[in-house]
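Here is the structure we will look at, set down as structure tokens.
Every number in this text was worked out from the coordinates using simple rules, so none of it is lab data. Computed from a predicted model, the values in this text were never measured in an experiment. Heads up, the Cβs are rebuilt from the backbone with ideal geometry, glycines too, and the neighbour counts pull from every protein chain shown.
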Amino acid sequence: MHTLQRLFSPDGQKFYKLFDEVAENLTRMSELFYQAICKPEKPISEYYSSLDALEQANDRVTQKLFLELGRNFITPFDREDIHYISGGLDDIADLLFGTIRQMRSYELDNPGNTTQYVAGEIKHFTQILSKALKGLEDKRNLTKLQPLCFEMEKIIIVCESRIDAAIAGIFPNNNEVVAIIKWIEHFELLRILIKKCDNVVNIIEAIAIKYG
């Protein structure tokens, strides 16, 4: 009976709905992130404003998730898991916006191949992530999340490798100290973004193993 309550509890459905909202928001943010970096049709300041609004909207949804966590005795997963995954998703949104904010502040108008590649892969990543978050609703078939996690992990590994290579390539190709510092900080921010993506995948994998 307790298992059925956890599966079909109205309180549990609130969490799934909020995860769907976050997933939709992250998908929109990643699409704007990709467009700003790879196919800009307007100044980066306009993408900045749009991403700022979406990031604030995501903060509000994350706050709702934490409020629901405090209000509800019955939750679809362990409270700690919900807390970690909510925080991890919020971190990704913060860093998508933060990267564009940094590029605007540092006047990185020509992001280069590595940043463009990462932007494209982040767009792909959030599409898969959205499917994985939706898949959490079917607690009887959580093992089906493993292939999605594997796809996301492949994206993470390649992005990390590309960022490492880009950092190594800064020094032979640039003699300006200020430019070197800007690009190193930019790539380090991308590295943190990818790490936060990895953290979320690890949490989803842990949930799939625990409840699968």
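Things to note:
- Protection proxy ranking of 176-182, 157-163 - average other beta-carbon atoms within 10 Å, highest first: 157-163, 176-182
- Distance cut-off 21 Å, percentage of C-alpha pairs in the stretch 99-212 lying past it: 44
- Karplus 3J(HN,Hα) series, Hz, for the stretch 119-130 with 6.51 cos²θ - 1.76 cosθ + 1.60 (x for Gly, Pro): 4, x, 6, 5, 4, 5, 4, 5, 5, 5, 4, 4
- 3J(HN,Hα) along the stretch 35-52, derived from phi through the Karplus expression 6.51 cos²θ - 1.76 cosθ + 1.60 where θ = phi - 60°, amounts to 5, 4, 8, 9, 9, x, 10, 7, x, 4, 4, 6, 5, 4, 5, 5, 5, 4 Hz, with x in place of Gly and Pro.
- Evaluating 6.51 cos²θ - 1.76 cosθ + 1.60 at θ = phi - 60° for every residue in the stretch 136-144, the Karplus couplings come out as 5, 5, 9, 5, 7, 9, 5, 5, 5 Hz, glycine and proline recorded as x.
- Unit charges at the beta carbon, dipole of the stretch 2-211: most positive-side option, ILE209, ALA36, ILE155: ILE209
- Close amide H contacts of ILE170 (hydrogens built in the peptide plane, cut-off under 5 Å, sequence separation of 5 or more or a different chain): none are found.
- Computed over the stretch 2-211: relative contact order in percent, which uses C-alpha pairs under 8 Å that are six or more apart: 28
- Per-residue extension of 0.36 nm, minus the Cα-Cα distance of ASN175 and LYS39, leaves a gain of 46.1 nm for this segment.
- Separation of the alpha carbons by more than 24 angstrom is noted, of LYS39/LYS123; LYS154/LYS195; LYS123/LYS195; LYS17/LYS154, for LYS17/LYS154.
- If you wrap the Cα atoms of the chain in a convex hull and average its projected area over all directions, you get 11.7 nm².
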